[in-house]
Amino acid sequence: MNSSSEVRSPSGTDPRSKVRADSESEVSAGFGGEAASTSGSTLRTDSGSEAASASGSEAPTGSGPELRAGSGREVTANSRTGAALSLRSAALGRPGAPVLDAIDLDVSPGEILTVVGPSGCGKSTLLRTLAGLLSPLSGEVAQDGHPLTGPGADRALIFQDDALLPWRSLRANVELPLAIKKLPRAERRNQATAWLDRVGLAAQARQLPHRVSGGQRQRAQLARALAGAPRAVLMDEPFGALDAQTRAGMQDLLVEVLRGTGATVVFVTHDVDEALYLGDRVALLGAGRLVAVREVPRPRDRAAHDDPARVALRRDVLTSLGS
């Protein structure tokens, strides 16, 4: 009898490897990765980076100089124009269970559109449709005038659950979309390090996700999404589980790291104040339809909280939501 404690399937392969491959495939779909591209050695940063030490940190690899923000070398950012997203007479949901109907909506390149509405109104369904994870039941959903047919590498999806792979260090997680793009190991290591520095996680780069706080995990997820230089970032209540102080800090961080990327953002939230702070416009969903889309006065300006126009818009949004 084999005295090893290692668990093997009848074929001789470690079943945990399949679990990891499946998880990496699922997460990679959120930023356009294909299942086939997330298996094998492509996603391994090196033989020592599958962080499995008892201390919960990534084994040192000595892979060369690290690119850091503020060091005189620019963090790689997407200089392309953001994606133009549109829905025309779209019914959204699953076959036999429509959630939204007759949706007509345009999201301009580089805009931040926030989406609010009561629980179960279809906010997440809208976001997953724009990500290409759900097909419209009828009508058309398009990017840059071309119908969406599935996930794409130029669209990144960020979840409330950080969806970091627990066996990969923060840096190895951030490298995932870069590995899918088949960037050389040194280049993806440098870019991942730079993005972690930009979101304030340089000191935690080698840590496993369970060794850092919820706010730090969300920072890592944000870095992972933006590292792939997406033209659209689709965010599903990413700060909903955070305390108020951490949440406000993450909002400001999001504004900062988006600067210069040109990315279009669709941001779903239950928090009306968050929607009005972040959004250039706010879309209101309810009763299976798009109720209204309103311009936000002085977006991303903390001092605008008491602005009469902002106060009036907040009152109108709350009224529309039945709050």
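A short reminder: the numbers here are calculations on the coordinates, not readings from a lab. As the structure is a computational prediction, the values presented were derived from the model and not from experiment. Note: ideal-geometry Cβ built from the backbone for every residue, glycine included; neighbour counts use all protein chains shown.
Across the range 309-323, what is the total count of residues that are farther than 13 Å from Ala275 by Cβ, out of contact with any Pro (no Cβ under 9 Å at 6 or more places or on another chain) and in contact (Cβ under 8 Å) with a residue 40 or more places away in the chain?
0
(1) within 19 Å of the chain's Cα centre (by Cα); (2) surrounded by 23 or more Cβ atoms within 10 Å (Cβ to Cβ): which one isn't true of His270, the others all being true?
So the condition that His270 fails would be (2).
Of all residues in the range 79-92, which are touching a residue at least 60 places away in the same chain (Cβ under 8 Å) and surrounded by 18 or more Cβ atoms within 10 Å (Cβ to Cβ)?
Gly82, Ala83, Ala84, Leu85
So if I check each of Pro308, Pro238, which one is touching a helix residue (DSSP H, G or I) at 6+ places or on another chain (Cβ under 9 Å) and not β-branched (Val, Ile, Thr)?
Pro238
Hey, among the residues in the range 205-227 that are surrounded by 24 or more Cβ atoms within 10 Å (Cβ to Cβ) and small (Gly, Ala, Ser), which one's farthest from Met250 (Cα to Cα)?
My answer is Ala227.
Within the range 273-317, which residues are of a type in the set (A, V, I, L, M, F, W, C) and either over 30 Å from Arg94 (Cα atoms) or in a helix (DSSP H, G or I) (or both)?
Ala275, Leu276, Leu278, Val296, Ala303, Ala304, Ala309, Val311, Ala312, Leu313, Val317
Just wondering, is there one or more residues in the range 252-272 that are farther than 15 Å from Arg300 by Cβ and part of a helix (DSSP H, G or I)?
Yes, the range 252-272 has at least one match.
Identify the residue in the range 93-110 that is touching a residue at least 60 places away in the same chain (Cβ under 8 Å) and among the charged types (D, E, K, R) and, among all such residues, is surrounded by the fewest Cβ atoms within 10 Å (Cβ to Cβ).
Asp104
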